[in-house]
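Please see the structure below; I have some questions.
The values are calculated or read from the model by the stated rules, or taken from the named source; none is laboratory data. Being a predicted model, the structure only gives us computed values, none of them experimental. For neighbour counting, all protein chains shown are included, and Cβ atoms are generated from backbone atoms with ideal geometry for every residue, glycine included. Remember, those area values only see protein heavy atoms, side chains included, never the ligands or the DNA or RNA. Shrake-Rupley method; radii C 1.70, N 1.55, O 1.52, S 1.80 Å.
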Amino acid sequence: MNNFAYMRARDIADAVRQVASDPAARFIAGGTNLIDLMKENVTRPSRLIDITHLPLDKIEETPDGGLRIGALVANSDLAYHPQIEAHYPLLASAILAGASPQLRNMASTGGNLLQRTRCFYFYDTTTPCNKREPGTGCSAIDGINRMHAILGTSEHCIATHPSDMCVALAALEARVLATGTGGERSIAFADFHRLPGDRPEIDSNLAPDEIITAIELPPKGFATNYTYLKIRDRLSYAFGLISIAVGLDIDGGTIKEARLALGGVAHKPWRDRDAEAQLGGAPATEESFLRAAETALRGARGFGHNDFKIELARRGIVRALAQAARGTSQSQSDKRIE
Ligand SMILES: Cc1cc2nc3c(=O)[nH]c(=O)nc-3n(C[C@H](O)[C@H](O)[C@H](O)COP(=O)(O)OP(=O)(O)OC[C@H]3O[C@@H](n4cnc5c(N)ncnc54)[C@H](O)[C@@H]3O)c2cc1C
Ligand code: SF4
């Protein structure tokens, strides 16, 4: 066990001051990812800054008709919130497709964004891993890479971002609100997470002295024609092999606007604007869906064990678009678990 200090942040300014003064300090929210990483000796923080008492647990309407979700809102409270169920069912569906009821009760909105990859080499400290120890190499590229990325990879890392919730947030064009020593800023969701490039150890564009305070959803929630389709090895309690978030705005069989984001395929939730543009103005037919899938996967590359993901993603995109167009969102994971 590594020694670490434990502090409780008094307010947001105090949280920022504490994290800015110690590069090895980490915030702790639900702890469902951070504590596991500490137990596995993957992360060794000098101190934990407990943010769970900060007033960041509200869901409020914004002046433009959207919603602001505090960074400490639990995943389950978010999924079952009446406004989310009614106006952003894509987000509710994605959250309920992840983890287990117990984990969702603990996991926070901010922590979900910053959960780390599930690459097993990242967790296995006896193997080289550029994300865990920069410059040591990537064990997955020539190793067991069944869960790994097919888009946006680099020669340094082929890990995926594991979140379900973030795939829906990407499709909904959420924004991340953060506060640091330089003040507050709002980050477009597409710019929040990073591709690995030659710095795979950095997952996001959040600065080391910043805390996530909230997520903002724009008014449009695609509540009629949406789907979150997650394909995994078991029906529950498993990370996705691939997932697809779709929101469609359809008028008389023609798609007016489309949102398409993929999970389990890249180092960040993968949104393809070319595929979306292709769907805009097109008839809601299988032919249009197939064309969009081909566009979304045009740069896809497998690494051996994960080659199957390219065809799986192609079929998954077509199925998710068809489900959304029909207005039949998903299956069991949509159902409320009491
Ligand atoms: C067995 C298991 C199965 C799972 N299955 C799934 C799944 O299928 N789908 C899925 O999406 N997820 C899954 N998860 C992951 C789970 O959703 C995340 O662990 C959880 O969302 C993290 O939230 P947390 O509040 O517990 O974060 P913590 O563990 O407290 O923190 C995670 C990271 O975020 C940082 N952090 C937390 N809050 C803030 C903030 N406000 N500002 C800045 N930094 C912050 C912490 O410093 C830490 O680095 C699973 C987890 C487990 C253990
Ligand atoms: S894919 Fe990334 S996280 Fe996994 S071993 Fe390679 S460098 Fe590490």
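Among the residues of the range 167-206, count how many are over 26 Å from residue 11 (Cα atoms), open to solvent by 30 Å² or more (accessible area, probe 1.4 Å) and in contact with a helix residue (DSSP H, G or I) (Cβ under 9 Å, 6 or more places away or on another chain).
Residues meeting the conditions: 2.
Of everything in the range 232-256, what is open to solvent by 40 Å² or more (accessible area, probe 1.4 Å), touching a helix residue (DSSP H, G or I) at 6+ places or on another chain (Cβ under 8 Å) and either within 16 Å of ligand 2 (Cβ to nearest atom) or not in a loop (DSSP other than H, G, I, E, B) (or both)? Give them in sequence order.
Selection gives 250 alone.
Just to be sure, is residue 134 away from ligand 1 (no atom under 11 Å from the Cβ), closer than 26 Å to residue 207 by Cβ and not charged (D, E, K, R)?
yes
What are the residues in the range 54-97 that are basic (Lys, Arg) and touching a residue at least 60 places away in the same chain (Cβ under 8 Å), if any? Step through it out loud before you land on a result.
To start, the set of residues in the range 54-97 that are basic (Lys, Arg) comprises 58, 68.
Passing the criteria: only 68.
List the residue pairs whose Cβ atoms are under 9 Å apart, where the first residue sits in the range 160-175 and is at negative phi and away from ligand 2 (no atom under 16 Å from the Cβ), the second is open to solvent by 10 Å² or more (accessible area, probe 1.4 Å) and of a type in the set (Asp, Glu), and the two are 6 or more positions apart or on different chains.
174/216; 175/216
Taking residue 123 as the residue in question, decide whether it is among the aromatic types (Phe, Trp, Tyr) and more than 22 Å from residue 235 (Cα to Cα).
Numbers: among the aromatic types (Phe, Trp, Tyr): yes; more than 22 Å from residue 235 (Cα to Cα): yes.
Spelling it out, residue 123 is indeed among the aromatic types (Phe, Trp, Tyr) and more than 22 Å from residue 235 (Cα to Cα).
Then there's this: So if I check each of 54, 90, which one is at negative phi and within 11 Å of ligand 1 (Cβ to nearest atom)?
Working: 90 fails: within 11 Å of ligand 1 (Cβ to nearest atom).
Being at negative phi and within 11 Å of ligand 1 (Cβ to nearest atom) holds for just one of 54, 90, which is 54.
Name the single residue, out of those in the range 18-42 being of a type outside the set (A, V, I, L, M, F, W, C) and free of Cβ contacts under 8 Å to residues at least 60 places away in the same chain, that is most open to solvent (accessible area, probe 1.4 Å).
Of the range 18-42, the ones of a type outside the set (A, V, I, L, M, F, W, C) are 18, 21-23, 26, 30-33, 36, 39-41.
Filter once more, keeping what is free of Cβ contacts under 8 Å to residues at least 60 places away in the same chain: 18, 21-22, 26, 36, 39.
On the way: 18: 12, 21: 75, 22: 28, 26: 104, 36: 58, 39: 152 Å².
My answer is 39.
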